[in-house]
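S.K.: Before anything else, here's the structure in question.
Here, each number is a calculation from the coordinates, and none is a lab measurement. Computed from a predicted model, the values in this text were never measured in an experiment. So basically every Cβ, Gly included, is an ideal-geometry build from the backbone, and we count neighbours across all protein chains shown.
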Amino acid sequence: MRDAGKGFDDFLIDTTGDSASQNHKPPPWQILVVDDCSDVIAVTNAVLRDCTFEGRSISILTAGSGIEARRVLADHPDIAVALIDVVMETDDAGLQLINTIRNEMQLRAMRIILRTGQPGHAPEREVIFRYDINDYRLKTELTAHSLFTAVVAALRGFAEITARIQAEQEALLAARSKSQFLAAISHELRTPLNAIIGFSEIVAHESRASGATEKSLEYIDAIQDNGNILLSVINNLIDMASIDSGHYQLKEQIIVIKDLLSRAISTLTDKPNLTGVTLTYKPNENIPMILADSAALSQVLENLISNAIKFSPQGGAIEVSAQIDDDGRLAIAVADHGIGIPANRVQSLFQPFTQVDAEHNRQFEGVGLGLAIVKGLIALHGGTIGVASVEGEGTTMTFYLPTERFLPASNSTSRFNN
């Protein structure tokens, strides 16, 4: 990087040093000079050819027209900077080339410096607004020093953008690899686990019929209970991996919201961990039918209600409601009066493996995938989820489905009966 006290000549390549270090130099920056004036190309080449930036030399590629430049770009898609003239084989050849670079070739990282000796053909204000360029220079103002500084600034921008793109690609690859690993290992675990649960059920039935001891039955029940808990965790891992990888497919059907909520509440009403907690739902008759994945929304509701139960005190109350909000969306809420969520934890609540009670010896069990799955399933429906919580007072989780999911009352059933 350039120090304030350095002069232009300080950036010239140091040709001294042993041959071993010379053989391990990083590849040069590639710069494309597009101009129909051979003198301009010669001067640009003379200024830049012996310069270096961040330990890398500069390699100059040239083209005398927009057509020739397209061929060079096709052979060298990793060009960092292009210095492009406007008027060449046509009055707007350079501008057309810019459109090709950005729109057809999709070379977004490349930095483009537009140079013109005829500003009347490409007024600066108009060009800056209409074309995706990074710098605009008149040839008359480009001294050797200003040309060099413009190119260094462009190279710095290119380096930052390519580093960011690479980081994003690596993160995407890591996420995809994680999802594939979770899916593979989860499937491998689920098959033998289903066998364990199935055989334990048979053993439990036969043991009770043969009058086994209470202690033996207790052990068998523990195998079943823990097997089902582990199976639930594995199923969550598979769902999370499917959502992350984009492989989760919605199976849409007509849904009556009152029936959906009633089923979810009935499923959880007889759960042992509901002891002492009141679960209520007041039906809203004005909710239209929707087109959605019934199993996915049932999973969303069961996760939200189970969470509310888990964090509610003995004798607590949970309310489930559905209404049309001020924006016309379907809003389904699950409200509890439990421990609440610390304000600094709300933003990360829907990240995988996040726990409300994140201490090592936390009171409430779970691997922290439920809410991440909830968010993913709602997003697949085009919806969102919000949280309102006061620590020590309770939490309301509300998810919203867009009006596009609503079905007109007149044809809600007929469109699927043909």
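S.K.: Sort 129-141, 208-220 for me by packing, meaning the mean count of neighbouring Cβ atoms within 10 Å per residue, highest on top.
M.R.: On the way: 129-141: 14.2, 208-220: 11.5.
Answer by packing, highest mean first, reads 129-141, 208-220.
S.K.: Using only DSSP helix segments of four residues or longer, with each worth -39500 (n - 2.57), what per-residue ellipticity at 222 nm results for the chain after dividing by its residue count and rounding to 500?
M.R.: After summing the helix terms and dividing by the residues of the chain, the value is -14500 deg cm²/dmol.
S.K.: Give the long-range amide H neighbours of T52: residues separated by 5 or more places, or on another chain, with amide H under 5 Å away, using H modelled in the peptide plane at 1.01 Å from N.
M.R.: Those qualifying (amide H under 5 Å, at least 5 residues apart or on another chain) are I13.
S.K.: If you don't mind, another one. Which distance in nm do the two modelled labels at Y131 and H187 give, with both placed 7 Å along the Cα-to-Cβ direction?
M.R.: Simple spin-label model gives 5.2 nm for this pair.
S.K.: Quick one: which residues, 5 or more positions from M289 or on another chain, have an amide H under 5 Å from its amide H? H modelled 1.01 Å from N in the peptide plane, none for Pro or chain starts.
M.R.: L407
S.K.: Which order, highest average first, do 311-319, 168-176 follow once you tally other Cβ atoms within 10 Å for each residue and take the mean per peptide?
M.R.: Listed from highest to lowest mean packing, they are 311-319, 168-176.
S.K.: Find the lysine pairs in the chain meeting two conditions, Cα atoms under 30 Å apart and a separation of 8 or more places or different chains, and report how many there are.
M.R.: Lysine pairs, 8 or more places apart or on different chains, close enough: 21.
S.K.: For the charge dipole of region 171-245, defined by +1 on Lys and Arg C-beta atoms and -1 on Asp and Glu C-beta atoms about the Cα centroid, which residue among L182, S216, I202 has the Cα displaced farthest towards the positive pole?
M.R.: My answer, from the dipole projection, is L182.
S.K.: Cα centroids of region 22-98 and region 138-211: how far apart, whole angstrom?
M.R.: Spelled out, the Cα-based centre of one part sits 36 Å from the other.
S.K.: Can you give the charge dipole size of the chain about its Cα centre, rounded to the nearest 20 debye, using +1 on the beta carbon of Lys and Arg and -1 on the beta carbon of Asp and Glu?
M.R.: Value, rounded to 20: 380 debye.
S.K.: What is the set of long-range amide H partners of S57 at a cut-off below 5 Å, with H atoms built 1.01 Å from backbone N?
M.R.: Amide H neighbours of S57, under 5 Å, 5+ apart: W29.
S.K.: Just subtract the alpha-carbon distance of M105 and T267 from 0.36 nm times their residue separation and send over the number in nm, one decimal.
M.R.: Stretched out fully, the M105 to T267 stretch lengthens by 52.8 nm.
S.K.: OK, next. Out of these labelled values of Cα Rg over 2.2 N^0.38 Å, [x] 1.10; [y] 1.56; [z] 1.49, which was calculated from the coordinates shown here?
M.R.: [z]
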